[in-house]
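Heads up: the structure comes next, in structure tokens.
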């Protein structure tokens with residue numbers, strides 16, 4: 001995933017636009033894969049319903065449970081996963097299909113075969129949904145980070161303060177200006193903050 005590097009020369013407008021277009025294409029591909037995954041999972045549940053292995057209400061419970069867990073994993077995961085994050089994801093990825101099978105077969109008295117297939121499908125929804133969702137979230141965040149700071153006076157003042165206090169950052173800003181890019185991006189401001197904290 002693209003990220004700004006203050007130790008390198010700033011991107012020109014053309015380079016920044018090229019990176020942005022690449023990210024938009026990646027986002028489009030990821031959303032397409034997400035839609036394909038949703039359709040395949042939907043066909044499995046439709047098959048279970050029309051084969052009378054599961055009731056409509058049971059399918060609703062399985063879909064709601066798996067979607068909720070996938071959304072939580074996708075939205076709360078950090079860019080770099082720690083060991084504790086990986087363990088939590090693993091537990092939820094395994095726990096959701098097991099919980100689904102138990103709820104459907106024991107609590108809702110659904111057919112065992114249907115409950116097992118639904119459990120495996122929910123596990124697939126959680127893993128695929130969380131993985132793709134996390135990637136889409138990262139791409140969207142990077143696209144947002146590429147927006148130039150134009151009307152945000154607070155952010156502009158922060159950049160000016162950082163550049164006044166740190167000559168290295170001011171050199172970077174000056175280089176960007178020479179490339180006809182007078183406004184830095186939110187991503188570059190975030191990198192400046194990280195640079196100062198080091």
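Of all residues in the range 21-37, exactly one satisfies the criterion of being over 15 Å from residue 137 (Cβ atoms) and surrounded by 15 or more Cβ atoms within 10 Å (Cβ to Cβ), namely 37. When the test is whether a residue is surrounded by 17 or more Cβ atoms within 10 Å (Cβ to Cβ), in a helix (DSSP H, G or I) and at pLDDT below 95, residue 141 does not pass it. The lone criterion from (1) at pLDDT 90 or above; (2) over 17 Å from the mean Cα position of the chain (by Cα); (3) assigned to a helix (DSSP H, G or I) left unmet by residue 28 is number (2).
Apart from one condition, residue 138 fits all of (1) in contact (Cβ under 8 Å) with a residue 24 or more places away in the chain; (2) more than 24 Å from residue 72 (Cβ to Cβ); (3) out of contact with any helix residue (DSSP H, G or I) (no Cβ under 8 Å at 6 or more places or on another chain); the exception is (2).
Go through the range 153-179 and report how many residues are outside any helix (DSSP H, G or I) and free of Cβ contacts under 8 Å to residues at least 40 places away in the same chain.
Our first condition is that a residue be outside any helix (DSSP H, G or I); within the range 153-179, this holds for 166, 179.
If we keep only those that are free of Cβ contacts under 8 Å to residues at least 40 places away in the same chain as well, we get 166.
Selection size over the range 153-179: 1.
Can residue 95 be described as surrounded by fewer than 20 Cβ atoms within 10 Å (Cβ to Cβ) and at pLDDT below 90? So residue 95 fails the test. For residue 134, the conditions (1) modelled with pLDDT under 90; (2) not in a helix (DSSP H, G or I) all hold with the exception of (2).
The values are calculated or read from the model by the stated rules, or taken from the named source; none is laboratory data. These figures come from a predicted structure and were not determined experimentally. All Cβ positions, glycine included, derive from the backbone under ideal geometry; neighbour counts span all protein chains shown.
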